[in-house]
Structure formats: structure tokens, C-alpha cells
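Undergrad: Here it is: the structure, laid out below.
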Amino acid sequence: MHYMIVGAGPSGVIACETIRKMDKNAKISLISGQCEPPYSRMAIPYFLEEKIAEKGTYLRHDENYFSDQNIGIVSQAVTQVDSSNDNVILANGEVLSYDKLLLATGATAISPPIAGIDLNNVHNCWTLEDARNIAAKAVPGSSVVLMGAGFIGCIILQSLLKRGVKLTVVEMGVRMVPRMMDDVAGALLKSWCESKGVTIMTSQQVTSINAVNEGLIVDLKDANSLNADLVICATGVKSNIDFLENSGINIDQGIVVNEFLQTNINNIYASGDVAQGLDFSDQSQHVQAIQPTAVEHGRIAAINMVNNNCCIHRGSVNMNILDTMGLISTSFGQWMGVPDGEQSILLDKDNYLYINLQFDGDYLVGVSSLGHTQNIGVVRGLIRGKVKLGVWKKRLMNNPNRLMEAYLASSLSQA
Amino acid sequence: MEKALVINPDKCTGCLQCELACSYENEGVFNPSKSRIKVFTFHQEGRFVPYTCTQCSDAWCQQACPVDAITLNLLTGAKEVNENTCVGCKVCTISCPFGTINYNQNTGKVIKCDLCGGDPKCVSACPTQAITYIDANQTGMEKMRQWATETDNSPSNSAANV
Ligand SMILES: Cc1cc2nc3c(=O)[nH]c(=O)nc-3n(C[C@H](O)[C@H](O)[C@H](O)COP(=O)(O)OP(=O)(O)OC[C@H]3O[C@@H](n4cnc5c(N)ncnc54)[C@H](O)[C@@H]3O)c2cc1C
Ligand code: SF4
Ligand code: SF4
């Protein structure tokens, strides 16, 4: 049996490992469209703040790891999938055949269609190549404009500050991380950033970028232009599906998959940022584009490829954790609440502490928080395990900090 | 034979010796807030429940880690955090559905139970044998591990009085 995995990100690598664990003899090929060894985008911020060298971003550290696991790496991008003949075509023209195929090609950063977005000193922050460029240009004292204060924008915000740049953030939405935080948390995060010397402009848009002498001039919709040495664009991502046109594989925003992470073609599966997988909370299909979901997909898809669809994916909980210069925020599931739901909120503005629990009847369905880190994973356990809260619902309504106790009480009663 | 920590909350008196032993072993200080094992108190019921990582087999924390900083100790079965590799991204802390891997603000890294390399100090510190270290397959721990492995098993359990 020849398993072919396209895309050497976390989802593809976990899939290869899962297959290898289940089948010692299978042939496994990992088609990597990049020249670097498999690496992790998530580690890029730490490379930028010089906590790690480039090697520190690698998904596996032992140089011989993949060959020891008998996983063959092919450093060529796939340009076409010929699903009727079970072949893929590589950028160098080579044709490789597979028995079962996993598409784990991830996503790419997208840029808004504004004048000047292609200029030299305007970069995305999505690949190691981007990171090298940013590291070379974001030098102490330089002026940097960051477009987008979404999740990815906020993650690199801290890295940029640690590089000693003068930072201005321009966000189109009314608050920071609008898709992860409510107004209260968003406003607190903003004031925290401002207290650290970052200029944050919300409800604002970059309209064009112009090169002048050595620098850039960034025009804004409702404010004076900004001077910058470097502009970083973190305004969104898009699944890598272009190469699948005419492949016969159903695509929408991402690759359409069923409950086994299988596409409309029997021997082709998809996982991670490229897959439009099931969201646990609202049971809709969309691209979550987060690491925990990418690895969860990779593992389940691999199990189903080896063991003929024995593992149902009941959905991933969307979740994030963000460290913004020491202020740690999280969001899980339906943090924004559900119709007729109840909530339990505790806010201590002065100390930047916030916890917001959202309930649907007897169940916890979402959480957002600032300044809470201890035992935080139990939120996933409570939501994903659909733990019926019983008496603990009222206790959590009175004191939202008792999540761990609520979880323990129920898991003990189960054991 | 691989061993596992087995916790019997019925025997726990809430003396916190385990937390002290753990923080001393791992952080060099007697400070319960730095312990990897935590005793949770249920005042209403007068109950104490020590709790820590179950070293689940397809560990969520390990798979989610972007830089391979959590690895399996083949001798003990523990999932161990390599401090030098960890970048402090905390994604493991939201991935573990048991909430047993935690961020340490002082070091900027995460901490979790590593079974003290096969000689867990909480076990020797516990005066009532509420925490024991015994053969893995005779433990109820197996059940929890399964829970952890079956990504898609939703145990519909109800919260009774502890
Ligand atoms: C700066 C940054 C910070 C982040 N921080 C977080 C965070 O804190 N928490 C979080 O949950 N998520 C974070 N993410 C998102 C997370 O990194 C992604 O969700 C995750 O990488 C998805 O994994 P994947 O394997 O699906 O895709 P990817 O990591 O994108 O890997 C896909 C791979 O496929 C390759 N590929 C693409 N097309 C082809 C082709 N045609 N042929 C061959 N190979 C191809 C690509 O080169 C790439 O190597 C961050 C992302 C970035 C950029
Ligand atoms: S996921 Fe949680 S319980 Fe499992 S090994 Fe990691 S810390 Fe322990
Ligand atoms: S905090 Fe450290 S151990 Fe946890 S996922 Fe991030 S790098 Fe890995």
C-alpha cells in the first residue's frame, strides 16, 4: 500500500506518523512543496523574536527522523492531481502514483487588493522566507506598520515589539482580534498594547502604499498617512486549493470532506488548513486554520486511510491562546454565546482579568478569558466531552473560576 | 511493566504533602502553586481530589506542539517537556482536555508531570497512600487514557455530587 501525503506541515507530518504507527510496512511518501525540512508556521514568531534559530522551527529535530521512520520526502510541489489514474504531477513534470492520497497543503496568506501591496518592503508573515525578510528589515528603531490585528497579527505583534521597532497596527474591525474576543476583552487588550507603546488604530484601513526614497508612505482611509520602513500584512488566509482545479475533487472555501475527512473521491482525504472540516460547536463545515485542528485532522484522516473509515470526526473545537506582551488571552468554541444561552462573567479591569463562560442549557459551549492560564485545557474537555454540568452549572454561574472542579466532579462520577 | 500514577481521592485528607514534594523536586522550592500535581478542594462536600496528567497514549499536548518539545520517555511512558526546545506558545495548554499542562510565567515555558523519571515524589510524600504508582493495566487510568485517545468519543457524563 502506498500512502502519499501532500504538504509537510503539522497536519501532514502527524498523518505520516500515525500511518507508520499503524502499518510498519506501508510505503509512505511526504510530498513537500518547500526546500526546508518540514517546519511549523506557528514557530515563526519565536524565530522573529530570536528565541530560536531557524532550526528551532522544524517539526522534528533529528536530521534522520523521517528516513528512520521510512518516510520518503519529495521536495517538489504538486501541480495537479489526476484522480482518475491515481497520479499526482509534480512541478518538475514527474508523475507519481499513489494508492491513497492525503491533501494537507495548508493555507497561504492573502493580501488586500490595494496599490503598492507588491512593493519590496511589504511582506506577509506566513512562511520561513517571509520571516527571514522581516527579520532582516525589522531592525531596532525602524517604523513598522502591521496591517491586521486578527489572531495572527496579534501573535507577531509581540515578536515585532521584541525586535525594538516602532509599531503601528491598523485594523479594519472595530476591535482587536474581533473573531476571538468580545468588546470587553478587545478593549482591554487594546489598552494593554497602548500601555506598552504600540499605536493601535481600529476601524481603520490602509488604502494604498507608496515607495518614497528609501521608505514607504502608508495612506489610511480616515487619518493622516504613516511613514514606514516595513509593512507587514496579516489580513487573512486562503486554503491552498488552486492546484486542484479539474481534479474532480469537490472544493469550496477549502476541500469539502465528510465525517471521515474523506473527499468525494474514495481514496483521497484532506486535513488541516486546506480542509473544510466540521466545527464541533455549530456543526458547520469550515476552515478553522488552527494548529490543534490541523493535527487532529491529520491523525483522524490517517486512521481512516489505514483502517477504512473506522473513526468518525465529530468536529473540532475552535480555540486559540494568545500572549500579547504578557497578557494571555484565550477563546474556545462559542465564546460569543448562543441564542437563549446563559453566561457567567467576572471582570477585574484594573488587573486585566476577565473570564466569560457561555452555557447552552446544562452544557458549557464557549469561553473567553484574559489573564487565566492555569488548567485552561479543561475548557476543551468540558466543551468537547459535552459534560453535563448538573449542580455545577449553578456553581459556575456563581463563580466562573471553578472550571477544573466542575470537570473533576463529573469525570469522577463517571469513573 | 509500565506503571501509572493511581489516585484514590477517598483517601486524601488535603494535607498537600504531594504538592510540596512536587514543587521541591521540580522547582527547588516548597511552593504548592508551582506543583504539577494539584489538590482540588470541594468545601461543600468536604472532599479533596489530587489530580495530575494521566500520560495519555496519543497525547494531545505532544501532537499539538509545533516544535516537538514534548517527547515520550520510553522507560516510564511519561510525556516530558524539553525546556530547551519549548518556545512557550502554550498551544499544548489548550489542547490537553484535562488541563494538566500549564504555563509557567517565570520561565516562559510549560510544565507537566514527568513521573519524576520513574520515582514520583508525590507518591512517597503521601501519608495516606491516596497516590500510588502501580502497574498501568490494573488501573482505572486506562479508562481515562482511552477517553483521551478517542478523539471523537463524547462521554456524556453527568456531574453528580462529588
Ligand atoms: C505566524 C503564525 C503564527 C501562528 N500561530 C498559531 C497559534 O498560535 N495557534 C494556532 O493554533 N495556529 C497558529 N498558526 C496557524 C497554524 O500554523 C496553522 O493552522 C497550521 O500550520 C496548519 O497546518 P497544516 O499542516 O494544515 O498546513 P501548513 O502548516 O500550511 O502546511 C502545509 C504545507 O503544504 C505545503 N504545500 C502547499 N501546497 C503544496 C503543493 N501543491 N505541493 C506540495 N506541498 C504543498 C506548504 O508548503 C506547507 O509546507 C500560526 C500561523 C502563522 C503563520
Ligand atoms: S494531553 Fe494532558 S493528560 Fe495527556 S499527556 Fe498531555 S498533559 Fe498529560
Ligand atoms: S508551550 Fe512548549 S511544549 Fe507546549 S506546545 Fe508550545 S512549544 Fe510545545
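The values are calculated or read from the model by the stated rules, or taken from the named source; none is laboratory data. Since we're looking at a predicted model, the values are computed, not measured. Ideal geometry is used to build each Cβ from the backbone, glycine not excepted, and the neighbour counts take in all protein chains shown. Surface areas here come from the heavy atoms of the whole protein model, side chains and all, with no ligands, DNA or RNA. Shrake-Rupley method; radii C 1.70, N 1.55, O 1.52, S 1.80 Å.
Undergrad: Within region A:273-296, can one find any residue that is more than 19 Å from the chain's Cα centre (by Cα) and free of Cβ contacts under 8 Å to residues at least 24 places away in the same chain?
TA: No.
Undergrad: On to the next question. Working only within region A:257-310, note down all residues that are within 14 Å of chain B (Cβ to nearest Cβ) and on the phi > 0 side of the Ramachandran plot.
TA: Across region A:257-310, the qualifying residues are A:L261, A:G272, A:Q283, A:A289, A:N309.
Undergrad: Then there's this: With respect to B:K3, is the statement that it is touching a Ser or Thr at 6+ places or on another chain (Cβ under 8 Å) and within 14 Å of chain A (Cβ to nearest Cβ) true? Working first, answer last.
TA: Numbers: touching a Ser or Thr at 6+ places or on another chain (Cβ under 8 Å): yes; within 14 Å of chain A (Cβ to nearest Cβ): no.
Criteria not met by B:K3.
Undergrad: Okay, next question. Residue check: is A:S75 under 14 Å from B:C65 (Cα atoms) and away from ligand 2 (no atom under 16 Å from the Cβ)?
TA: Spelling it out, it is not the case that A:S75 is under 14 Å from B:C65 (Cα atoms) and away from ligand 2 (no atom under 16 Å from the Cβ).
Undergrad: Taking the residues in region B:72-113 that are within 14 Å of ligand 2 (Cβ to nearest atom), closer than 28 Å to A:G333 by Cα and β-branched (V, I, T) as candidates, determine which candidate is farthest from the other protein chains (Cβ to nearest Cβ).
TA: B:V81
Undergrad: When you check A:Y65 against the structure, is it closer than 21 Å to A:A302 by Cα, surrounded by 17 or more Cβ atoms within 10 Å (Cβ to Cβ) and either within 16 Å of ligand 2 (Cβ to nearest atom) or within 14 Å of another protein chain (Cβ to nearest Cβ) (or both), yes or no?
TA: On the way: closer than 21 Å to A:A302 by Cα: yes; surrounded by 17 or more Cβ atoms within 10 Å (Cβ to Cβ): yes; either within 16 Å of ligand 2 (Cβ to nearest atom) or within 14 Å of another protein chain (Cβ to nearest Cβ) (or both): yes.
Against the criterion (closer than 21 Å to A:A302 by Cα, surrounded by 17 or more Cβ atoms within 10 Å (Cβ to Cβ) and either within 16 Å of ligand 2 (Cβ to nearest atom) or within 14 Å of another protein chain (Cβ to nearest Cβ) (or both)), A:Y65 qualifies.
Undergrad: Another question, then. Give all pairs with beta carbons closer than 6 Å in which a residue from region A:38-51 that is in the same structural domain as A:S75 (by TED's automatic domain parsing) meets a residue that is among the β-branched types (V, I, T) and in a helix (DSSP H, G or I); count only pairs at least 6 apart in sequence or on separate chains.
TA: Here the result reads A:P38/A:V13; A:Y39/A:T57; A:S40/A:T57; A:A43/A:T57; A:P45/A:I155; A:P45/A:I156; A:F47/A:T57, each pair linking region A:38-51 to a residue that is among the β-branched types (V, I, T) and in a helix (DSSP H, G or I).
Undergrad: A further question on this structure: Checking the structure you have, find out if any residue of region A:26-46 is out of contact with any Gly (no Cβ under 9 Å at 6 or more places or on another chain) and over 22 Å from A:T127 (Cβ atoms). I'd like the intermediate steps shown before the answer.
TA: Initially, region A:26-46 is screened for residues out of contact with any Gly (no Cβ under 9 Å at 6 or more places or on another chain), giving A:26, A:34-37, A:42, A:44-45.
Keeping just the survivors that are over 22 Å from A:T127 (Cβ atoms) gives A:26.
Yes, region A:26-46 contains at least one residue that is out of contact with any Gly (no Cβ under 9 Å at 6 or more places or on another chain) and over 22 Å from A:T127 (Cβ atoms).
Undergrad: A further question on this structure: Could you check how many residues of region B:96-110 are within 12 Å of ligand 3 (Cβ to nearest atom) and surrounded by 24 or more Cβ atoms within 10 Å (Cβ to Cβ)?
TA: Taking region B:96-110 as the starting set, the residues that turn out to be within 12 Å of ligand 3 (Cβ to nearest atom) are B:96, B:101-104, B:107-110.
Still in the list and also surrounded by 24 or more Cβ atoms within 10 Å (Cβ to Cβ): B:96, B:101, B:110.
Looking only at that region, the number is 3.
Undergrad: Additional query: Examine region B:114-133 for a residue that is within 16 Å of ligand 1 (Cβ to nearest atom) and either within 12 Å of another protein chain (Cβ to nearest Cβ) or touching a residue at least 12 places away in the same chain (Cβ under 8 Å) (or both), and state whether such a residue exists. Can you show your working first?
TA: First, the residues of region B:114-133 that are within 16 Å of ligand 1 (Cβ to nearest atom): none.
No, there is no match, as no residue in region B:114-133 is within 16 Å of ligand 1 (Cβ to nearest atom) and either within 12 Å of another protein chain (Cβ to nearest Cβ) or touching a residue at least 12 places away in the same chain (Cβ under 8 Å) (or both).
Undergrad: For region A:16-39, which residues satisfy the criterion of being away from chain B (no Cβ under 11 Å) and closer than 17 Å to A:R299 by Cα? Working first, answer last.
TA: Keep residues of region A:16-39 that are away from chain B (no Cβ under 11 Å), which gives A:16, A:19-20, A:22-37.
Correct list: A:C16, A:I19, A:R20, A:M22, A:D23, A:K24, A:A26, A:I28, A:S29, A:L30.
Undergrad: Going by what's in this entry, would A:K55 be described as basic (K, R), under 18 Å from B:V67 (Cα atoms) and not assigned by TED's automatic domain parsing to the domain that holds A:I155? Before the answer, list the steps.
TA: Details: basic (K, R): yes; under 18 Å from B:V67 (Cα atoms): yes; not assigned by TED's automatic domain parsing to the domain that holds A:I155: yes.
The answer is yes for A:K55.
Undergrad: Identify, by number, the condition in (1) touching a residue at least 60 places away in the same chain (Cβ under 8 Å); (2) in contact with a helix residue (DSSP H, G or I) (Cβ under 8 Å, 6 or more places away or on another chain); (3) within 19 Å of A:Q34 (Cα to Cα) that A:L59 doesn't meet.
TA: (1) is the only condition that A:L59 fails.
Undergrad: Show me the strands (runs of 3 or more DSSP E) found entirely inside region B:1-93 where at least 3 residues are over 20 Å from A:K21 (Cβ atoms) and open to solvent by 30 Å² or more (accessible area, probe 1.4 Å). Please lay out each step first, then the result.
TA: Numbers: elements: B:3-7, B:38-42, B:47-51, B:70-72, B:79-81.
Hits in region B:1-93: B:3-7.
Undergrad: Out of A:K393, A:K386, report the one residue that is outside any strand (DSSP E or B), at the interface with another protein chain (Cβ under 10 Å from one of its Cβ atoms) and farther than 25 Å from A:A185 by Cα. So that I can check it myself, show each step before the final result.
TA: Details: A:K393 fails: farther than 25 Å from A:A185 by Cα.
Exactly one residue qualifies, and that residue is A:K386.
Undergrad: Condition test on A:M176, is it modelled with pLDDT under 95, farther than 23 Å from A:S40 by Cβ and of a type in the set (A, V, I, L, M)? Lay out the reasoning, then the answer.
TA: On the way: modelled with pLDDT under 95: yes; farther than 23 Å from A:S40 by Cβ: yes; of a type in the set (A, V, I, L, M): yes.
It is true that A:M176 is modelled with pLDDT under 95, farther than 23 Å from A:S40 by Cβ and of a type in the set (A, V, I, L, M).
Undergrad: Before we move on, is A:I5 crowded, with 24+ Cβ neighbours inside 10 Å, touching a Cys at 6+ places or on another chain (Cβ under 7 Å) and modelled with pLDDT of 95 or more? Show your work before the answer.
TA: Working: crowded, with 24+ Cβ neighbours inside 10 Å: yes; touching a Cys at 6+ places or on another chain (Cβ under 7 Å): yes; modelled with pLDDT of 95 or more: yes.
Criteria met by A:I5.
Undergrad: Continuing with the same structure: Kindly indicate whether any position in region A:43-50 is more than 14 Å from ligand 1 (Cβ to nearest atom) and either open to solvent by 40 Å² or more (accessible area, probe 1.4 Å) or part of a loop (DSSP other than H, G, I, E, B) (or both).
TA: Our first condition is that a residue be more than 14 Å from ligand 1 (Cβ to nearest atom); within region A:43-50, this holds for A:50.
With either open to solvent by 40 Å² or more (accessible area, probe 1.4 Å) or part of a loop (DSSP other than H, G, I, E, B) (or both) added as a condition, the list becomes A:50.
Scanning region A:43-50, I find at least one residue that is more than 14 Å from ligand 1 (Cβ to nearest atom) and either open to solvent by 40 Å² or more (accessible area, probe 1.4 Å) or part of a loop (DSSP other than H, G, I, E, B) (or both), so the answer is yes.
Undergrad: Same structure again: What residue, of A:A77, A:A53, is surrounded by fewer than 17 Cβ atoms within 10 Å (Cβ to Cβ), among the hydrophobic types (A, V, I, L, M, F, W, C) and more than 9 Å from chain B (Cβ to nearest Cβ)? Quick ask: steps written out before the conclusion?
TA: Values: A:A77 fails: surrounded by fewer than 17 Cβ atoms within 10 Å (Cβ to Cβ).
Unique residue meeting the criteria: A:A53.
Undergrad: What number of residues within region A:320-351 are open to solvent by less than 50 Å² (accessible area, probe 1.4 Å), in contact (Cβ under 8 Å) with a residue 40 or more places away in the chain and of a type outside the set (V, I, T)? Outline the logic, then answer.
TA: Going residue by residue through region A:320-351, those that are open to solvent by less than 50 Å² (accessible area, probe 1.4 Å) are A:320-335, A:337-338, A:341, A:344.
Checking the rest, the ones that are also in contact (Cβ under 8 Å) with a residue 40 or more places away in the chain come to A:320-325, A:327-335, A:344.
Right, trim to of a type outside the set (V, I, T) and you get A:320, A:322-323, A:325, A:327, A:329, A:331-335, A:344.
So the answer is 12.
Undergrad: Would you be able to say whether some residue in region A:229-239 is without any contact (Cβ under 8 Å) to a residue 60 or more places away in the chain, open to solvent by 70 Å² or more (accessible area, probe 1.4 Å) and either outside any helix (DSSP H, G or I) or closer than 23 Å to A:Y39 by Cα (or both)? Even if it seems obvious, please write down each step before you answer.
TA: Step one: filter region A:229-239 for residues without any contact (Cβ under 8 Å) to a residue 60 or more places away in the chain, giving none.
No, region A:229-239 contains no residue that is without any contact (Cβ under 8 Å) to a residue 60 or more places away in the chain, open to solvent by 70 Å² or more (accessible area, probe 1.4 Å) and either outside any helix (DSSP H, G or I) or closer than 23 Å to A:Y39 by Cα (or both).
Undergrad: Then there's this: Would you check if there is a residue in region A:14-34 being at pLDDT below 95, not polar (S, T, N, Q) and not in a helix (DSSP H, G or I)?
TA: yes
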